[in-house]
1. Please pick out the residue among A:A219, A:A240, A:A210, A:A206 that is without any contact (Cβ under 8 Å) to a residue 60 or more places away in the chain, over 24 Å from A:D3 (Cα atoms) and not in a loop (DSSP other than H, G, I, E, B).
2. Looking for whichever is of a type outside the set (D, E, K, R), farther than 12 Å from B:V61 by Cα, surrounded by fewer than 17 Cβ atoms within 10 Å (Cβ to Cβ) and facing chain B (nearest Cβ under 9 Å) here; the options are A:G89, A:G71, A:G9. Which one fits?
3. Where residues in segment B:43-58 are free of Cβ contacts under 8 Å to residues at least 40 places away in the same chain and either open to solvent by less than 30 Å² (accessible area, probe 1.4 Å) or of a type in the set (A, V, I, L, M, F, W, C) (or both), which of them is nearest to the other protein chains (Cβ to nearest Cβ)?
4. Please state which of the following conditions A:E77 fails to meet, knowing it meets all the rest: (1) in a loop (DSSP other than H, G, I, E, B); (2) without any contact (Cβ under 8 Å) to a residue 24 or more places away in the chain.
5. Mind counting the residues in segment A:1-46 that are part of a loop (DSSP other than H, G, I, E, B), touching a Lys or Arg at 6+ places or on another chain (Cβ under 9 Å) and of a type outside the set (S, T, Y)?
6. Take the conditions facing chain B (nearest Cβ under 8 Å) and open to solvent by 40 Å² or more (accessible area, probe 1.4 Å) and apply them to A:R45. Does it pass?
7. So in segment A:238-254, with the set limited to residues that are of a type in the set (S, T, N, Q) and open to solvent by 100 Å² or more (accessible area, probe 1.4 Å), which one is farthest from the chain's Cα centre (by Cα)?
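The values are calculated or read from the model by the stated rules, or taken from the named source; none is laboratory data. What you see is a predicted model, and the numbers here were worked out from it, not measured in a lab. Glycine gets a Cβ as well: all are built from the backbone with ideal geometry, and neighbour counts include every protein chain shown. Calculation scope for accessible area: heavy atoms of the full protein, side chains included, ligands and nucleic acids excluded. Shrake-Rupley method; radii C 1.70, N 1.55, O 1.52, S 1.80 Å.
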Amino acid sequence: MEDKFVLGGKEFKSRFILGSGKYNLNLIKAAVEQGGAEIITLALRRANTQEKDNILDFIPKGVTLLPNTSGARNAEEAVRIARLSRAMGCGDFVKIEIMRDAKYLFPDNYETVKATEILAKEGFVVLPYMNPDLNVARDLQNAGAAAVMPLAAPIGSNKGLATKAMIQVLIDEIDLPIIVDAGIGKPSQACEAMEMGAAAIMANTAIATAGDVPEMAAAFKLAIEAGRKAYLTGMGRVLARGGSASDPLTGFLR
Amino acid sequence: MVKINGEAKEIAGKNLLEYLIENGFNPDHLVVERNLEIIQKEQFGSVTIQDEDVIEVLRFVGGG
């Protein structure tokens, strides 16, 4: 049976959401292809006449665009950015990102719930980036979120699954795809989150700051697939104590 | 005076589409907001920039 990832009524084969920040536009196509990513995030900023390149020209056709609301400090600003992004004519997906903390870049959960409610009513496929908290995740679900995106560690930190226990609670209790976003720094951490039952992984800095961007995207693809397969298969059990031989204990010296 | 992307400019009375093209923007890649209202791409040509307008000319860039 084929394992499909459904988000906002769209089916995806890949469970890797790729960020496009902090690396050369010329590498985006290769990163998307090597990583097998079918969703890519973007940001909206003031246009400047000196820059002729349009990022949309570097993204392969068929890839779903996921504009974020970075820069927003409250729900009102996030809603404004989301509406402007939709006016670009690239679909209804939006990643809500609302921050008022400049040191850790932690999302403001309260404002995020408010923005989710407004945008979901306007027909957006809302993917809120959040600080993992069960009650807030329930509020986001009630507000109409299409998925929940808990952070693993501060944005851009590459520190891995610092919030692992809380993410596991969301996976166990929330009936929406849980997409682990922010802080995933290595393929092994992406794999671990997928083994836990995450629906997908969003990564940017881990790839953007790697020695070779497309090759690291490829490594993430493999790790995410491995973790997903392991999760679907069901993990082997862990013994409370002692060992258990993997070989028959009789038949030769005894 | 008009404020466009945070800069004050004397462009009141100008057609929005003409302004964008003359200033090297590619209108196909942009979204424009005037006084907090989105101007649809098809309407760029029929908008005259007014005195006191606050305009944002935006585009997608790389982001996470």
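1. A:A206
2. A:G89
3. Per the stated criteria, the residue is B:L58.
4. For A:E77, the failing item is (1).
5. So the count comes out to 8.
6. Yes.
7. Filtering first and then ranking leaves A:T250.
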